[in-house]
Amino acid sequence: YRAISGGKVIETKVFYDTTRTHTHPQVNVIVQYNKDTTIVYTFEPYSKNVADAERQLSLMSIKAGDTISAGQPIGKLIKTAPQSHVHIHIQQDKKEFCFANMFSQSEQAEMLDIVVVAPGKVAQLCYE
């Protein structure tokens, strides 16, 4: 996976999301884009095995403190299940920000064409 934008990596770590119905460990990579905006890449192997999360962390090609540029490789996703995936969240002032409206309908359609989803699911750029 490649960075969608440049910035400074402020964190790479194993993360446990206990606010959702599943508690699969995942790896978060947080990039400071500018003073108010961060980009969070969540690599989710979709395994409850902590060793898989640690292995996922070892596949990150960037670390906290690195300055990265758009298009730079940031890591590889291990696929432990068909549901393995990567989320990209943009936060402004520490609040989730849906970036879809920054793109035309045709640009959004192009992005959605490359999104892999599980059977019966619909690809979305942002989740409410």
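All of the numbers you see were taken from the coordinates with simple rules; none came from a lab. All figures in this text were calculated on a predicted structure; none of them were measured in a lab. As a convention, Cβ positions derive from the backbone with ideal geometry for all residues, glycine included, and neighbour counts pool all protein chains shown.
Of all residues in segment 50-80, those satisfying the criterion of being touching a helix residue (DSSP H, G or I) at 6+ places or on another chain (Cβ under 9 Å) and more than 23 Å from Gln32 (Cα to Cα) are Ile78, Thr80.
Once segment 28-85 is narrowed to residues that are among the aliphatic types (A, V, I, L, M) and free of Cβ contacts under 8 Å to residues at least 40 places away in the same chain, the residue that is farthest from Gln124 (Cα to Cα) is Ala51.
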